[in-house]
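Visitor: My structure is below; once you've seen it, I'll send some questions.
The values are calculated or read from the model by the stated rules, or taken from the named source; none is laboratory data. Quantities reported herein were computed from a predicted structural model and do not represent experimental measurements. Neighbour counts run over all protein chains shown; Cβ positions are idealised from the backbone, glycine included. The area values use the complete protein model at the heavy-atom level, side chains included, leaving out ligands, DNA and RNA. Shrake-Rupley method; radii C 1.70, N 1.55, O 1.52, S 1.80 Å.
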Amino acid sequence: MTSGRPPALTLGAVAAVSLIVLAVLLAPWIAPYAEQDFTGGVWEPISAAHWLGTDNLGRDLFTRLVYGGRNTIGVAIVTTAVAVFLGGALGLTAANAGGWIDNVMSRCIDVLLSVPVLISALMVLSVLGSSVPVLMGTIGVLEAARVYVVARSVARNVAVQDFVAVARLRGEGPIWVVFREILPNVLPPLMAETGLRFCFILLFIASLGFLGLGIQPPAADWGSMVRENAQAIYFARYAPLYPAAAIAMLTLGINLSVDWLLGHSNGR
C-alpha cells in the first residue's frame with residue numbers, strides 16, 4: 001500500500017525519474033561530445049575530459065548514456081502509446097460488444113499470447129529487419145495483447161452497470177458508450193497498466209539491444225551499450241554498469257511514481 005511506504009522513497013523515485021528524463025531531453029546541450037564522436041582510447045577511466053570514461057571504441061560514455069537514454073526512452077514511449085491505445089480500444093470494444101465479437105477477439109488474443117513474446121519478436125525482426133518503425137510496431141502489437149486482457153477484464157464489470165444500460169437505451173452508439181461511459185471508469189487500472197507496460201517495453205527494447213536486434217549502431221541505446229562494454233568488467237572498468245543502473249533506476253522509479261499517483265488520486 002502506498003500509505004505504508006516512506007515518503008522519502010516516493011520522493012526519491014520521482015526525483016530519479018525526473019532527473020533521467022531531464023538529462024535525455026537536454027542531451028544535445030549537456031553532452032560534451034557528439035553521439036558518434038571518437039574522443040579517446042578504449043575504456044579510459046573517469047577524467048575531466050570524460051566524466052564516465054570511454055567505451056569499447058573510445059567514445060565518451062556520458063554522451064552515449066544520455067543519447068542512448070533519449071533513443072531508448074523515446075522508442076519505449078511511442079511503443080507504449082501504440083500498445084495501450086490498440087489494446088485498450090480493442091479490450092473496451094470487446095467488453096461492450098460481448099457475444100460472438102468478444103469470443104472471436106479473445107480467442108485471437110489467446111493465440112497471440114500462446115507464443116512467448118521474445119520468440120515472436122525475434123521471428124518478426126529477423127524477417128523484417130530491426131529498423132525503429134518495425135521495432136515499435138512489432139513490440140506495440142505484441143504488448144497490446146496484454147493490455148487487451150486487462151482492459152477487457154475491468155471493462156466487463158463496468159459494461160453491466162445501470163448507467164451504461166441507460167446510455168444504450170438513450171440510443172447512444174457503441175463509440176459513445178465505450179469512450180464516454182466505460183473508459184472514464186476504468187482509467188485508474190489502465191493508468192497502472194500503462195506504467196507497468198512502459199517498464200516491460202523498456203526492458204524488452206534493452207533486451208533486444210543486448211541481443212543485437214534493437215536500435216542499430218551507430219545510434220546508442222542502453223541495451224547495446226551493456227553488450228558492447230561487457231568485457232570492460234575484466235579490466236576493472238564500470239562501463240556496462242552505467243546503462244544497466246539507468247535501466248534499473250528508471251523502471252523502479254516509474255513503478256513507484258505510478259503507484260503514488262494512483263494512491264493520491266484515490267485519496268490514500
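Visitor: On average, how much accessible surface per residue is there in the chain, in Å², for a 1.4 Å probe, leaving out ligands, DNA and RNA?
Guide: Heavy-atom accessible area per residue stands at 50 Å².
Visitor: What list of ³J(HN,Hα) couplings, whole Hz, do you get for the stretch 61-69 from phi and the Karplus terms 6.51, -1.76, 1.60, once you set θ to phi - 60° and write x for glycine and proline?
Guide: 5, 5, 4, 5, 5, 6, 6, x, x
Visitor: Let me ask another. Which whole-number percent is the relative contact order of the stretch 36-148 (Cα, under 8 Å, 6+ apart)?
Guide: The normalised contact order for the stretch 36-148 reaches 27 percent.
Visitor: For Leu202, what is the net charge nearby, where nearby means another residue's Cβ is under 12 Å from its Cβ and Lys, Arg count +1, Asp, Glu -1?
Guide: -1
Visitor: Something else: Compare the peptides 91-101, 165-175 by average per-residue count of other Cβ atoms within 10 angstrom and give them in order, highest first.
Guide: The most tightly packed comes first, giving 91-101, 165-175.
Visitor: List the relative contact order of the chain as a percent without decimals, with contacts defined as Cα pairs under 8 Å and 6+ residues apart.
Guide: Numbers: 364 pairs, mean separation 69.4, N = 268.
With pairs under 8 Å counted, the relative contact order is 26 percent.
Visitor: Continuing with the same structure: Express in nm, to one decimal, how much length is gained between Val115 and Ala248 on full extension, taking 0.36 nm for each residue of separation and deducting their alpha carbon distance.
Guide: Between Val115 and Ala248, full extension yields 45.2 nm more.
Visitor: How large is the helix-only mean residue ellipticity at 222 nm for the chain, computed as the sum of -39500 (n - 2.57) over DSSP H runs with n ≥ 4, divided by its residue count, in deg cm²/dmol to the nearest 500?
Guide: Values: 10 runs with 185 residues, N = 268.
When only DSSP H runs of four or more count, the value is -23500 deg cm²/dmol.
Visitor: Taking amide H positions as placed 1.01 Å from N in the peptide plane, with prolines and chain starts having none, which residues 5 or more places from Thr39, or on another chain, fall under 5 Å of its amide H?
Guide: When sequence neighbours closer than 5 places are left aside, the close amide H contacts are Arg59, Asp60.
Visitor: How much of the accessible area of the chain, probe 1.4 Å, is carbon plus sulfur, in whole percent?
Guide: 71 percent
Visitor: What three numbers, in Å, describe the spread of the alpha carbons of the stretch 1-157 along their principal axes, ordered from the longest?
Guide: 66, 48, 24
Visitor: Express the relative contact order of the stretch 26-82 as a whole percentage, based on alpha carbon pairs under 8 Å and six or more residues apart in sequence.
Guide: The normalised contact order for the stretch 26-82 reaches 30 percent.
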